[in-house]
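> Structure in structure tokens, see below.
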């Protein structure tokens, strides 16, 4: 199964992060931002004198609320939580948005042989990275084995014609590694519905980019250097008409003794992935798949994840910890986005 998409190349230049309206020009840069899904969201977009922005914030927030109401593990009344709490044999009709995300998650699960698994929720919760709260030590082995028995995407029974998902028994869905990217796509759709076709929207590390800024300047995206104690830039790219997602294991983890435990769980072992692959960035046609692919590569690990990215023809950058340093491994498709030095 191929997950590759193609993207249009842009040049790269470094720039400051300050965003200003383009004084004296017909086009102006505006920004709306807020909080969602435990992180921040923003929509930066170019408007003209004819652009209708009345109620735009409300429409953007409504799109985010739809995703939360359907797919949040932190809300007991979400459609996802209702499924997780249902008894064996019960079925739930999924809303269209939930259906789109679930189908993408199942596609990734099949393509990665379960390295990406939407039923990994019991393990995420057990290791303290879900709604049950944080922990400071590894769980007992017997609890780990019990949680592993509940994981397996093949257990899911989903009828695409009726959009009904049947609970096989104690399956716990967690779509957090793909739903955030989908939410970024929804923000982009709201803007495009208003006729806005030059924008950068983002939720945490998931983004959708289209067009350019006033005056023709490209959108500049900084990829962070993996360092828990600082926020430094590793590189800057200027993607055009594409989505981007970064999955990093270097900020959300806990330490037990001398061992670090990342929030990304390998469904096969039931344990957090090793900390050698500290950051994965993927560019794709949509943020939903970019988000899921970045997580899948992280779960596969530095070697298998890189092979998967190459085999699939993905546009991916992997940052790997090498003793006290960080080295990069990128696919040829990603290398095309790096700054080109003058002869």
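> From the set of residues in segment 108-125 that are in contact (Cβ under 8 Å) with a residue 60 or more places away in the chain and in a helix (DSSP H, G or I), which is surrounded by the fewest Cβ atoms within 10 Å (Cβ to Cβ)?
Only one residue tops the list, namely 110.
> Here's a follow-up. Would you be able to tell me the number of residues in segment 73-103 that are over 17 Å from residue 159 (Cβ atoms) and surrounded by 21 or more Cβ atoms within 10 Å (Cβ to Cβ)?
Number satisfying all stated conditions: 2.
> Taking the conditions exactly as written (assigned to a strand (DSSP E or B), closer than 25 Å to residue 112 by Cα, at pLDDT 95 or above and in contact with a helix residue (DSSP H, G or I) (Cβ under 8 Å, 6 or more places away or on another chain)), does residue 245 satisfy them or not?
yes
> Taking the stated definitions as given, is residue 87 assigned by TED's automatic domain parsing to the domain that holds residue 164, out of contact with any strand residue (DSSP E or B) (no Cβ under 7 Å at 6 or more places or on another chain) and within 30 Å of residue 304 (Cα to Cα)?
Here the answer is no, as residue 87 does not meet what is asked.
> So which strands (runs of 3 or more DSSP E) stay within segment 132-225 end to end and still have 2 or more residues that are surrounded by fewer than 18 Cβ atoms within 10 Å (Cβ to Cβ) and under 21 Å from the mean Cα position of the chain (by Cα)?
221-225
> Could you please give the count of residues in segment 313-322 that are more than 20 Å from residue 261 (Cβ to Cβ) and more than 18 Å from the chain's Cα centre (by Cα)?
So the count comes out to 2.
> Give 54, 50, 27, 59 a once-over and let me know the one that is modelled with pLDDT of 95 or more and either over 22 Å from the mean Cα position of the chain (by Cα) or exposed (fewer than 13 other Cβ atoms within 10 Å of the Cβ) (or both).
54
> Another question, then. Condition first: part of a strand (DSSP E or B), at pLDDT below 90 and either surrounded by fewer than 24 Cβ atoms within 10 Å (Cβ to Cβ) or not assigned by TED's automatic domain parsing to the domain that holds residue 148 (or both). Can you find one or more residues in segment 283-302 that meet it?
No, the conditions are met nowhere in segment 283-302.
> List the pairs whose first member sits in segment 251-270 and is on the phi > 0 side of the Ramachandran plot, whose second member is at pLDDT 80 or above and surrounded by 12 or more Cβ atoms within 10 Å (Cβ to Cβ), and whose Cβ atoms are under 8 Å apart, counting only residues at least 6 apart or on separate chains?
Pairs found: 270/123; 270/144; 270/147; 270/148; 270/151.
> Filter segment 269-282 down to residues that are touching a helix residue (DSSP H, G or I) at 6+ places or on another chain (Cβ under 8 Å) and in a strand (DSSP E or B) and give me whichever is surrounded by the fewest Cβ atoms within 10 Å (Cβ to Cβ).
If we take residues in segment 269-282 being touching a helix residue (DSSP H, G or I) at 6+ places or on another chain (Cβ under 8 Å) and in a strand (DSSP E or B), then 271 is surrounded by the fewest Cβ atoms within 10 Å (Cβ to Cβ).
> Of the conditions (1) touching a residue at least 40 places away in the same chain (Cβ under 8 Å); (2) in a strand (DSSP E or B), residue 329 clears all except one; give me its number.
Every condition holds for residue 329 apart from (1).
> Just the residues that are modelled with pLDDT under 95 and in contact with a strand residue (DSSP E or B) (Cβ under 9 Å, 6 or more places away or on another chain), please, taken from segment 176-201.
Residue satisfying the conditions is 177 alone.
> Residues being in contact (Cβ under 8 Å) with a residue 40 or more places away in the chain and surrounded by 21 or more Cβ atoms within 10 Å (Cβ to Cβ): count how many of those fall in segment 313-326.
Total meeting the criteria: 5.
> Follow-up question, since we're still on this one. Among the residues of segment 226-242, which ones are over 22 Å from residue 301 (Cα atoms), in a loop (DSSP other than H, G, I, E, B) and modelled with pLDDT of 65 or more?
Residues satisfying the conditions are 238, 239, 241.
> If residue 215 passes every condition in (1) touching a strand residue (DSSP E or B) at 6+ places or on another chain (Cβ under 9 Å); (2) at pLDDT 90 or above but one, which one does it miss?
Every listed condition holds for residue 215 apart from (1).
The values are calculated or read from the model by the stated rules, or taken from the named source; none is laboratory data. Since the structure is predicted, the reported quantities are computational estimates derived from the model, not experimental observations. Note that each Cβ is placed from the backbone with ideal geometry, even for glycine, and that neighbours are counted across all protein chains shown.
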